Amino acid sequence: MRNYYKEGPASKLFDVFNTIILALIVFLVVYPLWNQLAISFNNNNVAASRNIYFYPKAFTLTNYEFVFTNSSILEGAKVSFLRVIIGTAGTLLCTGLLAYITTIRNFSGRKFMRRVFVITMYFSGGLIPTYLLMVQLKLINTFWVYIVPNLINAYFMLLIASFIQNIPESMFEAARMDGASELQIYFKTVLPICIPVFSAVAVYAAVGHWNAWFDCMIYNADGKWDTLQIILRRLLLEQEAFQKIHNELIAASKFRNLTSEGLRAATTMIVTVPILCIYPFFQKYFISGITIGAVKG
Amino acid sequence: MLLKTNTKKLPVIGYVEKHTKKKMWKRIINERELWIISIILLVWVGIFAYYPMYGVIIAFKKYIPGQSFSQAQWVGLKYFIQFFNSNQFPLVIRNTLAISGLNLLFGFPAPIILALLINEVRRKYWKRFVQTVSYVPHFISWVVVASLIFSFLGNEGLVNTILQSLNITTKSVGFLNEGKYFWGMITAANIWKEAGWGSIIYLSAIAGIDEELYQAGAVDGLGRLGTVWHIILPGISGTIVLLWILGIGDILNAGFEQQLLLGNDLTRDYYEVIDTFAYKYGVQRGIYSYGTAVSLMKGVISVSLVFFTNWFTRKKLDIAAL
Amino acid sequence: MEVTKMKRILTLIVAVLLLVTATAGCGTTASNNQSDAGASSAASSATASTPANTNIFGWAVPEKAMEITYYAGQDNPDTNAENCEAKAAYLLKNFNVKLTKIVYDDDMEQRLNLMLSSGGYPDCIVGMSWQEAQKWVDQGRALELTSYIDAYGSNIKSRMGDYLKRYYTDDGKLYTLASFWGLTTFVSYAPEVRNDWYTEAGSPDVSTPEAYYAALKKMAAAHPENSSGDKTYALGMWKISSSRLGGNSFINTFGGMYGLKSGWKVNSDNSVNLWINSPEGVKMLDYLNQIYRDGMLDPDSFTMSIDEWGAKAGNERYAGFVGSHWPANSYSLTAWKNKYGADYNENMRYVYVDVKASGVAQSAFSPSNSMGSAVILTNNCKSPENYMKWFDFENTDLGSKLAGWGIPNEKGSVWTLDENGKWAYAEGVEDQLVNNIGDFDYDAETKAGGECGMLMTAGVEPMAGGGNVWINLGLEDKWAQAKDKLLKDSLFDFTSFLSVTIPTEDPLSDKSTEINDIVNNAWAKAITAKSTEACDAVIAEAVSSANSAGLADVEKYYSTQYQKNVSKYGK
């Protein structure tokens, strides 16, 4: 955006003020994580973690060593990773297909299909019937309980459909004239055009899958398919961290200098850093996807 | 939610009725491929979404875990009345409305202000940096956020350490233990987590404002503030109004995970919202009928709100949200 | 251009995905093979010793592997699998018993309700509250055990004696058994002081709550901060959410100073009132409120977990403690020994004191007997006789040792057993338990299966030979002996009350849930109130909302049932 207005001294002053405010916001976002990073590298028995502000006072790697060797965090990360990839891919393909058929103008069932799914946004049967269903379908204690019930999401359907509706109908008509089936059109024409909206939805879906823990607790309580978040919950909030140290203290004096603050900080870092590394690469895509509705609003 | 203004694009209602039965069959046969796909999708939605809905009948029955739903004894509106009469009812409603109200009041303008501030940045790299950083918290789960909050605001957390070392307080401030801080804390946490992410939509709305408007404004002698006030804000007002109305439709969704993770016995009078209440009785305590009744009530009110706002926006503002 | 870039990213993702699934696939096949191999070798060793014989434990080894599968509540499944591995292998080899302990990492009450709704549950469930067990019995989900105990339960019968009668229904049927039942002579709940600080302060009077608090204050004042500069408190608690009406171990122990029993006031006519609805309960809350307002009660008392409390206790943050003994000792002793090394002296420990309010004849800290927790066989169980045989075995001397101490004769075992069935403590164990309690390796005991395979354990009452599922029970150090002597009279028999349950169909069961929430909430709120008046106002408000939720009916029900039980079994 170019500036067309006239610059005054107030405007210059505002620039200074604005820089300070935004720097403060950046600080507020970054500092909590930075502080945890410092604590995670600090030997908290030598220097109490409450006095760590910006950098570790007594450097150590034992917190990380302990978390990696003494928890199922890597196992959990593997499950979560699989879940995000398979779950997101599944959701995109199925929801995208649904969104596409609800936009085919000549299809007599389009409005019906759309309504059937929109209703599910507001009503659900509640936990018990859903649990019973999962039992009947033998999805309990399987990985697929994360995937199959989440294949279609009505909200994503609306989002994708709004994008497809703005594509000129002629593109699909041309394909139909050539004798392409609807599935072929979906895979060959719709998918490539819809990449912006798909990447936006992918971010939504992936974040949802990555952060989910409730279904894991209810459906996969036997621990075989523990996701990262459920392990995190145990480590961070139910204080298993300390219990672990307590047991280990007796067995191995190597980890004698651990505290739960240090372990919690290390755990926080281990799960946060990968996300911080990945998401900037997708930034452009999800921004363009989210923009779709807004600009026309 | 789908944001679209062009209502003319909506499908023609009653298309099927115009045709005779024979023609309809012919049409369905012509569309067989689409119908096969539809049927597969309908089977999925039937199994995973509609089939479990029979479970809402237990809101009107006294269901004891282990019985089949049909065995359970009918009790009519007993559980609804029990909720209305319970001493928790006023608290739960108050907290739900207060937390989502505060979210609308402060959490709603936060991304708008952030977007306006970011938009005014001149240096391109600083702008990109601020944007990128501001999205970070959106990707951090509530579990981790809660852990961060505990280590910062706990009785021996960073904030209390600083307050005490600066001699501002002598006793630690119970940010997490006193109900009066809870609403503020959860609102702040919501803003911290979502303001950056929310600003994306406004930034792109700003980007969509016609360049000519700025030129015209400059001709009219608008300064920097004037540009924001007379050009940018009106330019994104459509988006603002729309999201505001959608937010009102969501007023009973005051959060769930946040409360479960951050609340405790001492702050219960301030954190308990409809969803956590339904979870506590419906799932943890095993009084499924009670929990279902509470959820059902909430669902009905929410849907009415959504349909009302949808009707309102379509009629009055010519914007369709659904 | 964007499209090609996106495609590249997608290709990358797919490649990684394939890699991960491939490795995951390898992982599972490998482990499958392993377990297959394990099973077949175990099977062959079993066939080698086929002739039905009796092993050194006195267990008649069955021809066909006997499956014992049970759900034992909330725990970390990974840790559980680790802890059960050695024991399960040992049992399969020597007993031809296939033991599977199931735990889930979510709330037991929540999980039991899900199990009931879906019908998916194992043969046996242990560790249930009596209220939960009642729900299963009411719905015909628990097998009747009357004939099985007659046929296979001779050890159980002789061991439990008259006590067993309490588990029968009014019409003489048996559905539930119990683990950890029985009479105890040891005290597990009481007020404590940190002994070295206490003697340093001149061993002041602690006989009343006020004097006890004054002493703690004096001790904390002498040590206002620990070595890392953290503030020291008189007392601290951790968060307990109890689903049973009548409170948690803190309410019970503080209440014990005022003569309340397990959170209930028992009137002279054997009617009962919930603690909050009694003058004693109000006094107790006012007392705690005072400590809180003085800044001497850790403000995290209502939010922290037991482990966080343990971390602080280990960091020397508390002058005293009120509640159950084992956490106080297991957290602090180990930490202090580690910290002080050679400078550690045996007075650095929490020791019990007797505290009672004026006008209270006898403090009442620990129930001297226990109904234990309920054990049921579910209607999914196809061979109840096998389970009963196993229960019966657990009630023999060697059986209870195997259940509670873990397997003998291996690396890390805490006991040994020779071919003649003669047992002994492993080397050094006796000394650790009597003289150096902090050195005992609980971790090794756990790894040897000390927490796995206690289904219907032998209760807390010692065997004729003094043995018990708890390894340290027959071998107490002098501190424990002194404690039991000092507080002998604070033990009280309350079985007739603790066994009262409300039938599931009864509307009172929902009411008591609601009342329990109100009361638990009030406990924290009253103690943290700004003044005594505010504290009393919180109590008054809680009582009135509890009353409108039906407190009077619930109290009446408990009173009637208690009176009935008292006339049946005595107090």
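Here are some notes:
- Listed pairs C:K218/C:K337; C:K157/C:K564; C:K135/C:K261; A:K57/C:K217 exceeding 30 Å between Cα atoms: A:K57/C:K217
- Restricting region C:473-568 to trypsin sites (Lys or Arg not before Pro) in coil, as DSSP defines it, with at most 13 other Cβ within 10 Å: C:K530
- Shielded residues, region B:272-293 - accessible-area loss of 30 Å² or more between chain alone and all protein chains, probe 1.4 Å: B:Y279, B:Y281, B:V283, B:Q284, B:R285, B:I287, B:Y288
- Estimated purely from DSSP H runs of n ≥ 4, each contributing -39500 (n - 2.57), the mean residue ellipticity at 222 nm for the protein assembly as shown is -17500 deg cm²/dmol once divided by its residues.
- Net charge contributed by nearby residues that have their C-beta within less than 13 Å of C:S358 (K/R +1, D/E -1): -1
- Model label points for C:S271 and C:T560, set 7 angstrom from Cα along the Cα-to-Cβ axis, are 1.3 nm apart.
- Calculated accessible area for region C:125-199 comes out at 39 Å² per residue, all protein chains present (probe 1.4 Å; ligands, DNA, RNA ignored).
- Among the DSSP helices (H) of chain B, those spanning at least 30 angstrom by Cα along their long axis with an average Kyte-Doolittle hydropathy of -0.5 or more are B:179-207, B:288-312; this is a geometric and hydropathy rule only.
- Residue-normalised accessible area of region B:206-315, given per residue in Å² at a 1.4 Å probe: 40 Å²
- Here's the list of lysines a cross-link from B:K127 could span, going by alpha-carbon distance under 27 Å and ignoring same-chain residues fewer than 8 apart: A:K6, A:K12, A:K284, A:K296, B:K193, C:K5.
- Apportionment of accessible area to carbon and sulfur, chain C, percent (1.4 Å): 53 percent
- Within chain B, the longest segment free of exposed loop sites, counting trypsin sites (Lys or Arg not before Pro) that fall outside DSSP classes H, G, I, E and B and have at most 16 other Cβ atoms within 10 Å, spans B:172-322.
- Here the Karplus relation 6.51 cos²θ - 1.76 cosθ + 1.60, evaluated at θ = phi - 60°, turns the backbone of region A:121-134 into coupling constants of 5, 10, 10, 9, x, x, 5, 5, x, 5, 4, 4, 4, 4 Hz, with x for every Gly and Pro.
- Extension reserve of the B:S237-B:I113 stretch, reckoned as 0.36 nm per residue once the Cα distance is removed: 43.3 nm
- Label zone at A:I193 (point 7 Å along Cα-to-Cβ), backbone N below 20 Å, region A:151-175: A:156-175
- Here the spin labels are modelled as points 7 Å beyond Cα on the Cα-Cβ line, and at B:I301 and A:K138 they lie 4.4 nm apart.
- Anisotropy class assigned to region C:223-268 is oblate, per the alpha carbon gyration tensor with a/c at or over the 1.5 cut-off and a/b no larger than b/c.
- Projecting the Cα atoms of B:Q164, B:G299, B:L225 onto the dipole axis of chain B, where Lys and Arg carry +1 and Asp and Glu carry -1 at the beta carbon, places B:G299 farthest toward the positive end.
- Amide H contacts under 5 Å for C:R141, placed H, 5+ residues apart: none
- Shape category assigned to chain C from the gyration tensor of Cα positions, a/c cut at 1.5: rounded
- Here the dipole of region B:118-218 is about 300 debye; that uses its Cα centre as origin and unit charges on the Cβ of Lys and Arg (positive) and Asp and Glu (negative).
- Kirkwood-type hydrodynamic radius, the protein assembly as shown: 33.3 Å, calculated from all non-identical alpha-carbon pairs.
- Solvent-accessible area buried by pairing B with C, both sides, nearest 100 square angstrom, 1.4 angstrom probe: 2800 Å²
- Residue-level accessible surface for C:V554, protein heavy atoms, 1.4 Å, Å²: 0 Å²
- Loop chymotrypsin sites (Phe, Trp or Tyr not before Pro), region A:34-117 (other Cβ atoms within 10 Å of the site Cβ: 11 or fewer; DSSP): A:F54
- Whole-percent carbon and sulfur share, accessible surface of region A:67-196, 1.4 Å: 66 percent
- Counted by Cβ distance under 14 Å from C:S249, the other residues give a net charge of +2, where Lys and Arg count +1 and Asp and Glu count -1.
- Of the DSSP H helices in chain C, those whose Cα atoms cover at least 18 Å axially and whose Kyte score averages 0.0 or more: C:2-48, C:209-222, C:532-548
- Taking all protein chains together, A:R105, C:R244, C:R194 sort by accessible area into A:R105, C:R244, C:R194, largest first [probe 1.4 Å].
- Based on C-alpha pairs under 8 angstrom that are at least 6 apart in sequence, region C:143-238 has a relative contact order of 16 percent.
- The C and A chains share an interface that buries close to 3300 Å² of accessible area, total over both sides, probe 1.4 Å.
- FRET efficiency for C:K165 and C:T532, using Cβ-Cβ distance with R0 set to 51 Å, rounded to 0.05: 0.60
- For region B:101-128, a drop of 50 Å² or more in accessible area on going from the chain alone to the assembled protein chains (1.4 Å probe) is found at B:L117, B:R122, B:W126.
- Environment charge at C:Q290 (Cβ cut-off 13 Å; Lys +1, Arg +1, Asp -1, Glu -1): -1
- Projecting label points 7 angstrom from Cα along Cα→Cβ for B:R27 and A:F214 puts them 4.0 nm apart.
- A Förster radius of 35 Å, combined with the Cβ-Cβ distance separating B:I36 from C:N380, puts the computed FRET efficiency at roughly 0.25.
- The relative contact order of chain B comes to 29 percent, based on Cα pairs under 8 Å that sit 6 or more residues apart.
- Placed amide H near C:W415: partners under 5 Å, 5+ positions off or other chain: C:N409, C:A426
The values are calculated or read from the model by the stated rules, or taken from the named source; none is laboratory data. Computed from a prediction, not measured in an experiment: that's the story for all the values here. For neighbour counting, all protein chains shown are included, and Cβ atoms are generated from backbone atoms with ideal geometry for every residue, glycine included. When the accessible area is computed, the model is the full protein with side chains, heavy atoms only, and any ligands, DNA or RNA have been set aside. Shrake-Rupley method; radii C 1.70, N 1.55, O 1.52, S 1.80 Å.
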